[in-house]
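Read the figures in this text as sums done on the coordinates, not as results from a lab. Bear in mind that the values here come from a model prediction, so they are computed numbers and not experimental data. Positions of Cβ are generated from backbone atoms using ideal geometry, with glycine treated the same way; all protein chains shown enter the neighbour counts.
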Amino acid sequence: SSCFNKFENAAAIVNLLKHDDRVAKVYYPGDPDFDGYEIAKKQMTHFGAMISFELRDGLDPKKFVEGLKIVSLAESLGGVESLIEIPSVMTHGSIPREIRLASGIKDELIRLSVGLEDETDLIEDVRQGLNQL
């Protein structure tokens with residue numbers, strides 16, 4: 001089924017992000033290092049295709065997004081295609097920075113909804129985004 005492709009793609013991207021020193025933190029319920037992993041494991045058959053991650057302090061998420069060729073920038077996530085957004089300047093851009101930071105929404109936070117594209121293509125796309133940093 002094609003939905004399994006999304007989950008496999010997400011797991012592969014999480015693995016890439018966790019092992020890249022430009023990434024400070026990955027938020028994904030299927031990651032054993034994630035705080036809610038044990039609960040997610042009990043509640044979910046699959047861990048979904050939504051990943052949030054923070055770049056290291058000072059790295060510009062706009063440069064990362066500009067380096068992507070397959071993944072598209074969008075505020076509405078969750079389609080069959082891979083979509084990405086930067087909460088600090090998009091969905092949460094109207095919230096004062098101090099309040100965003102107090103709520104855990106750092107400037108370097110990125111949200112990625114993984115789609116059905118070829119896993120190798122997606123991994124390469126995320127890698128080339130990271131290489132723009």
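Overview of values
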item: Options Val23, Ala74, His92, ranked by Cα towards positive dipole end of segment 1-125, top entry (Cβ charges); result: His92
item: Burial ranking of peptide ranges 51-64, 69-82 (average Cβ count within 10 Å, highest at the top); result: 51-64, 69-82
item: q = 0.15, 0.18, 0.25, 0.26 Å⁻¹, segment 5-47: log10 I(q)/I(0) [Debye, one scatterer per Cα]; result: -0.36, -0.51, -0.89, -0.93
item: 15 Å beta-carbon shell around Asp121, net charge (K/R +1, D/E -1); result: -4
item: Cross-link reach list, lysines versus Lys106, counting only Cα pairs under 24 Å and skipping chain neighbours closer than eight places; result: Lys18, Lys25, Lys62, Lys63
item: Identified option (computed mean projected area of the Cα convex hull in nm²; candidates [x] 11.2; [y] 7.9; [z] 9.1); result: [y]
